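Notes follow once the structure below has been shown.
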């Protein structure tokens, strides 16, 4: 466990996440998710986390490992067509991870999702959190529409509003 990382996570106040993603930003992201899900059968779940829990820090969890935990706990894997996507933003470590369920991973290479992540991180470095998130949702929607176009039955299986933890 790296002490610098531990202190960064322990010293970050909870309100800092709301400074980065204000209520209006979260509402805009939720609206964008709802709109883009009309064009495909995929399900997006957007999760923002300020600091990691102490247990995750103690275990030396990477952002990717934490995203895997959240993928399971948020039941992103539990969609009818295995078409869930988790967009995970870890603020303290300045990392973004996108995990795709097996139905999508079989059709869209991880390199595509990694490119979306790097685009978000570039916007975040510029301080444009909202734009980065909205562009990522839009690009994810485009990728999903190409492989999982909307059909007659298109239930909304995951919440559209971002989760801040």
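State the number of residues belonging to segment 28-37 that are more than 19 Å from residue 107 (Cα to Cα) and either out of contact with any helix residue (DSSP H, G or I) (no Cβ under 7 Å at 6 or more places or on another chain) or surrounded by fewer than 17 Cβ atoms within 10 Å (Cβ to Cβ) (or both).
4
Please find, among 45, 19, 75, the residue that is modelled with pLDDT of 95 or more and either at positive phi or assigned to a helix (DSSP H, G or I) (or both).
Result of the check over 45, 19, 75: 75.
Suppose we filter segment 5-19 for residues that are touching a residue at least 40 places away in the same chain (Cβ under 8 Å) and either more than 15 Å from the chain's Cα centre (by Cα) or exposed (fewer than 14 other Cβ atoms within 10 Å of the Cβ) (or both); how many remain?
8
With (1) closer than 14 Å to residue 157 by Cα; (2) touching a helix residue (DSSP H, G or I) at 6+ places or on another chain (Cβ under 9 Å) as the list, and residue 98 as the residue in question, which single condition is left unmet?
(1)
Residue 2: over 14 Å from the mean Cα position of the chain (by Cα), surrounded by fewer than 16 Cβ atoms within 10 Å (Cβ to Cβ) and touching a residue at least 60 places away in the same chain (Cβ under 8 Å), yes or no?
When the stated conditions are applied, residue 2 does not pass them.
Given the options 147, 94, name the one that is within 14 Å of the chain's Cα centre (by Cα) and either loosely packed, with under 14 Cβ neighbours inside 10 Å or more than 16 Å from residue 31 (Cα to Cα) (or both).
Unique residue meeting the criteria: 94.
Determine whether segment 38-51 contains at least one residue that is buried (at least 21 other Cβ atoms within 10 Å of the Cβ) and more than 21 Å from residue 136 (Cβ to Cβ).
yes
Looking only at segment 108-158, how many residues end up being outside any helix (DSSP H, G or I) and in contact with a strand residue (DSSP E or B) (Cβ under 7 Å, 6 or more places away or on another chain)?
Selection size over segment 108-158: 6.
Restricting segment 60-69 to residues that are free of Cβ contacts under 8 Å to residues at least 40 places away in the same chain and not in a helix (DSSP H, G or I), which is surrounded by the most Cβ atoms within 10 Å (Cβ to Cβ)?
The extreme case among them is 61.
Name the residues in segment 1-12 that are over 16 Å from residue 90 (Cβ atoms) and not in a helix (DSSP H, G or I), would you?
Residue satisfying the conditions is 1 alone.
Can we say residue 50 is under 17 Å from the mean Cα position of the chain (by Cα) and farther than 21 Å from residue 63 by Cβ?
Answer is no for this residue.
The values are calculated or read from the model by the stated rules, or taken from the named source; none is laboratory data. Everything quoted here is computed from the prediction, not taken from an experiment. No Cβ is skipped: glycine too gets one built from the backbone with ideal geometry, and neighbour counts run over all protein chains shown.
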